[in-house]
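Take a look at the structure below.
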Amino acid sequence: MLTIKEWMELADYRISEGSDYQWQSYGPNAYIMTSWNGEHDGYSFSIYFDTKTQVVYEVQAHDYQNNRAYRMFNPDFKDLNMNEAEEREVNNDEAWDDVSYIDLEVDDDFIQKCLAIKAGEDYDTRVSVPLDLPDDVLFDLMKLAHSQDITLNELVESILEDAISART
C-alpha cells in the first residue's frame, strides 16, 4: 500500500482540502486529504489515513478529462469499508455520475496512472494483476514465451485473457 509520503510526492505536496472521515470503517482517527489541480476537466488525488498511526486505508485518483476513477484499498480495511457502504445503502463503486471506480492492486500501477494523469498524458488503462508463481512454473512459462517469440508478460496476459473468456 502506498505511504503518505509517496502520495504527497504524487500530489506535489499540494493539498486543496482535508477533513475528518465521517464513516466508522476506518476508525476514529481517519482523515481524508485531497489534492485537486483546480480545473473541472483536470484531476484530483485523495488519501484516507489514520492521523495517529499513519496507516493508509485508501487512495484514489480521479481523471476528470477522461472520466476515469481509480482507487486502491489497504486489503486489511477494504471489507470494513464495503460493509459500511452496504449498511448505508451507498453505491461505493460509483465515483461520480456514471463513472465507476476501477480497483487497482499494484502500487506501481496506481503511481504510473497518477503520474500520467497529472502530466496530461495518455496511459495504459489496463489493470496490473499481481502473480506469485513458483520458480519452476515461471521457468516453464519463460521457455514457452521464448519459443513463441513473445515476452513473458504477453504470454501471461494471453493465458489470463483465455481463462477469462472461457468463464464467460
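General remarks:
- Scanning the range 126-136 for residues that are under 30 Å from H40 (Cβ atoms) and either surrounded by 12 or more Cβ atoms within 10 Å (Cβ to Cβ) or of a type in the set (G, A, S) (or both) yields V127, S128.
- Test: residue in the range 94-115 that is over 30 Å from H40 (Cα atoms) and either outside the structural domain of Y13 (by TED's automatic domain parsing) or not hydroxyl-bearing (S, T, Y) (or both): no
- Screening the candidates D63, D107 for the property of being touching a strand residue (DSSP E or B) at 6+ places or on another chain (Cβ under 9 Å) and touching a residue at least 60 places away in the same chain (Cβ under 8 Å) yields one hit, D107.
- Y31 vs. criteria on the phi < 0 side of the Ramachandran plot and in a strand (DSSP E or B): yes
- One residue alone among Y101, Y123 is out of contact with any Ser or Thr (no Cβ under 9 Å at 6 or more places or on another chain), surrounded by 12 or more Cβ atoms within 10 Å (Cβ to Cβ) and part of a loop (DSSP other than H, G, I, E, B), and that residue is Y123.
- Among the residues listed as D132, D136, D140, the single one being of a type in the set (D, E, K, R) and assigned to a loop (DSSP other than H, G, I, E, B): D132
- Scanning the range 104-120 for residues that are out of contact with any Leu (no Cβ under 9 Å at 6 or more places or on another chain) and either surrounded by 13 or more Cβ atoms within 10 Å (Cβ to Cβ) or not aliphatic (A, V, I, L, M) (or both) yields a total of 9.
- Number of residues in the range 137-164 that are exposed (fewer than 12 other Cβ atoms within 10 Å of the Cβ) and either hydrophobic (A, V, I, L, M, F, W, C) or assigned by TED's automatic domain parsing to the domain that holds D103 (or both) equals 4.
The values are calculated or read from the model by the stated rules, or taken from the named source; none is laboratory data. Worth saying up front: this structure is predicted, and the values here are computed from it rather than measured. All Cβ positions, even for glycine, are placed from backbone atoms using ideal geometry, and neighbour counts span all protein chains on display.
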